[in-house]
Amino acid sequence: MRITGIAYLSWKALRHRPFRSLLLIGTIALTLYFPRALQEFISRSEEVLSARARSTPLLMGPRGSSIDLTLNALYFTPQELPPLDYSSYETLARKDLGNTIPIHSRFRSGNSPIVGTSLEYFKLRALSINAGRLMTRLGDCVIGARLAESKGLKPGDTITSSPENIFDLAGVYPLRMRITGILSPNRTPDDHAIFVDLKTTWIIEGLAHGHQKLSQAEIMGSSRNSAGRILRANASVVEFNEVTEANLGDFHFHGDYGNYPLSSVILDPSDKKHRALALAFYQDPAIPQQIVIPATAVEHLANTLFATQRLALVAFSLLGIAALALALMVFLLSFRLREREMRTYGKIGATRLAILCLQGAEVTIIAVAATIIAQIGVTLTRVAAPDLLTRLIS
Amino acid sequence: MKSTSSPALLILVTATLVSSCHHSNKKENLSLSERSKPIIATVNYPLAYFAKRLSGEFADILFETPPNVDPAYWNPTDAQVSAIQEADLVLLNGANYAKWTSSRTIPYEATVVTSSSFEDTFIELEEGTSHTHKSGSTSHTHEGFASTTWLDLELACKQASSTADALCEQFPEHAESISGKLKILLEEMRDLDRKMKSVTASLQGTTLVVSHPVYQYWTRAYGLSAHALHWEPMQKLGTPELGELAAIQGEKPPVKYFIWEGPPTEENINKIRMAGFINIVVNPCGARPAKGDFLSVMQENIASLSEAITAGTSSNTGAP
């Protein structure tokens, strides 16, 4: 019997029992896929996490978990640590150790983080504008490519910040923001984020606001104190929930800038000496801020991931052995059921070797198909790992 | 046969996916597009002048405020803000000057406040009055700090020095040339400062009336006292304005000098003269002058003051 004949007969036999064949292919594919996919996902995640961490030289933030601080600054995860005050940023900036980039990522619009920062952030991450332009004023935002794609947004559209708690009527005020630009995709959490001027996040926080002028006729009924010097505004004063060219000048900040909140500050030191100086300065336990090396924090996180991976791999290996044993049993039972068919092949002239080849070919076709499917799955997992990681972390 | 084509397909799919990942990372940052010269953006003309004098030809100066608009109350368009965002250095005056900078997104890391070395000497303004400069234009109120710092030429020297420091830090390769140019600029400005002190010495003890509240640093630096109005040189002066002027004359010690920000109309010159004042133009030079430069405008201010004082002295002594 020729090899093509063996292949043809094997193929026909597999097609004759499609459900059994597909079940076997699926089982073997999944058995092969899971451990490899887990390894690939963790390995790729480690690469992606490390790459983003390495592009963030140093991070200054409140004292607490360095991993929480790093994930908040790099992946805009919900803020677990207390806020940093703006005066800490100013203190660091005045030291002239390098570029300082503020990050305030407390707020969200739906599931997308709103990141208050400066224009330097775009340079640090090499983010380019794909459509439109960077934000130019309070209330403007630039959004990531994936967010724009998923919501069908384009420059000129608006997006509204979400209240943190719908029952907190006096809390965060939803701000409708003008989208001025869409970033080019770069397969990082930036693709899902909304970037605004730092001051815009303070408007959302309620530290700055705009309202109609207190001298307007609508609120003339407001009471003045006895000296007539202080005008007490009443509830009729309309507060703006959107910054426009017309009301831009009416937005103002209350209180001391130094007390305004931030999440963290990225420091890109000018050179090694300035990096060492920055690290040394924040070693003092009396200083309420810490400085972390994101690459080191991510390394700790990766070590935890690898430990978890080892545990999962042992579990997958045991399950895999069980699944393969079951598949082997299915094959053996199947060949026993087809004994008459094999005898017929012998009667019409097939040698014992040819029959063994026929059975072997069936197993090989199933194994190869399962391996290919598993490999495609592993490749897709590797490609999707950065996005998957972003979603899992955020 | 099919089993041999599947791995090929797998390789092709993988290669395409990997290549698309790499391609997306190769896009260059638009903001780093190549330019022939660095750009220095400024919020007023004096800083643009200092930056130009100090940088010479190695940088381009971005100061887009139209000549007839006060840069302190100018509102840039989105396109103009985008151009400023591309600047290598942004020079601010400080003291709340150019309020647009607090509501627009500018590159903080490239921004230098040229008055930060003397911010403890800023002059606080009393409660302001909302007013407009032209019919139809946006109303504004002078509140917070007085911001025309450069009219005190000593402060102007400090701002020029801050500008030089910022330029040296940003463009260290030009540091030597910048230092040399700063020395010459400071000499010229100190010379003007001496002349200003000399010419204003005879005004000390008298009260001046100024058309707009922008001369606070000038009056403090040269020991003068001024009563500020909110008039424009082209404004038509009616009975209320002249009444206001008469009231000042009544309550203040002999007042005889009226200082305008820019050349007033002939009618206004005559009305002020009829009210017993001598017209003087002291141009703050916040906006780019139609002719000359910052130093020549300051020189003209000194000449204008000198001429008016001579006229005032001769009128006192009965000379024609």
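Count of the range B:66-87 residues, restricted to those that are in contact (Cβ under 8 Å) with a residue 12 or more places away in the chain, within 12 Å of another protein chain (Cβ to nearest Cβ), open to solvent by 40 Å² or more (accessible area, probe 1.4 Å) and part of a loop (DSSP other than H, G, I, E, B), is 2. The residue of the range B:185-227 that is nearest to B:I309 (Cα to Cα), among those that are open to solvent by 10 Å² or more (accessible area, probe 1.4 Å), hydrophobic (A, V, I, L, M, F, W, C) and in contact with a helix residue (DSSP H, G or I) (Cβ under 8 Å, 6 or more places away or on another chain), is B:V199. Could you check the range B:88-117 and list, in sequence order, the residues that are in contact (Cβ under 8 Å) with a residue 24 or more places away in the chain, at the interface with another protein chain (Cβ under 8 Å from one of its Cβ atoms) and outside any loop (DSSP other than H, G, I, E, B)? The one that is in contact (Cβ under 8 Å) with a residue 24 or more places away in the chain, at the interface with another protein chain (Cβ under 8 Å from one of its Cβ atoms) and outside any loop (DSSP other than H, G, I, E, B): B:R104.
Of the numbered conditions (1) within 14 Å of chain B (Cβ to nearest Cβ); (2) outside any helix (DSSP H, G or I), A:A51 satisfies every one except a single condition; which is it? Result: A:A51 fails condition (2) only. The set of residues in the range A:139-157 that are crowded, with 23+ Cβ neighbours inside 10 Å and closer than 25 Å to A:N247 by Cα comprises A:G139, A:D140, A:C141, A:V142, A:I143.
Could you pull out the residue among A:S118, A:S161, A:S105 that is touching a strand residue (DSSP E or B) at 6+ places or on another chain (Cβ under 8 Å), open to solvent by less than 10 Å² (accessible area, probe 1.4 Å) and within 14 Å of chain B (Cβ to nearest Cβ)?
Answer to the selection: A:S118.
Within the range A:316-325, the set of residues being out of contact with any Phe, Trp or Tyr (no Cβ under 9 Å at 6 or more places or on another chain) and surrounded by 12 or more Cβ atoms within 10 Å (Cβ to Cβ) comprises A:S317, A:A323, A:L324.
Residue-wise test of (1) open to solvent by 60 Å² or more (accessible area, probe 1.4 Å); (2) within 11 Å of chain B (Cβ to nearest Cβ); (3) touching a helix residue (DSSP H, G or I) at 6+ places or on another chain (Cβ under 8 Å); (4) at pLDDT 95 or above.
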site: A:L74; (1), (2), (3), (4): no, no, yes, no
site: A:T77; (1), (2), (3), (4): no, no, yes, no
site: A:L84; (1), (2), (3), (4): no, no, no, no
site: A:K95; (1), (2), (3), (4): yes, no, yes, no
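Could you look through the range A:253-296, keep only residues that are over 27 Å from A:L49 (Cβ atoms) and open to solvent by less than 60 Å² (accessible area, probe 1.4 Å), and pick out the one that is modelled with the lowest pLDDT? Checking each candidate, the answer is A:F253.
Residues in the range A:382-394 that are surrounded by 19 or more Cβ atoms within 10 Å (Cβ to Cβ) and more than 9 Å from chain B (Cβ to nearest Cβ): A:A385, A:L389, A:T390.
B:R35 meets the conditions (1) at pLDDT below 95; (2) within 14 Å of another protein chain (Cβ to nearest Cβ) in every case but one. The failed one is (2).
Is it the case that A:T371 is out of contact with any Gly (no Cβ under 8 Å at 6 or more places or on another chain), touching a residue at least 40 places away in the same chain (Cβ under 8 Å) and open to solvent by less than 30 Å² (accessible area, probe 1.4 Å)? Can you show your working first?
Values: out of contact with any Gly (no Cβ under 8 Å at 6 or more places or on another chain): yes; touching a residue at least 40 places away in the same chain (Cβ under 8 Å): yes; open to solvent by less than 30 Å² (accessible area, probe 1.4 Å): no.
Taking the combined requirement at face value, the residue does not satisfy it.
Residues in the range A:343-355 that are among the hydrophobic types (A, V, I, L, M, F, W, C) and modelled with pLDDT of 85 or more were compared, and the one that is nearest to A:T4 (Cα to Cα) is A:A354. All of (1) surrounded by fewer than 20 Cβ atoms within 10 Å (Cβ to Cβ); (2) under 26 Å from A:A315 (Cβ atoms); (3) not β-branched (V, I, T) hold for A:D68 with one exception: (2).
The values are calculated or read from the model by the stated rules, or taken from the named source; none is laboratory data. Everything numeric here is computed off the predicted structure, so don't read it as measured data. Using ideal geometry, Cβ is built from the backbone for each residue, glycine included, and neighbour counts are taken over all protein chains shown. The protein model used for the area step is the full one, side chains on, heavy atoms only, and it has no ligands, DNA or RNA in it. Shrake-Rupley method; radii C 1.70, N 1.55, O 1.52, S 1.80 Å.
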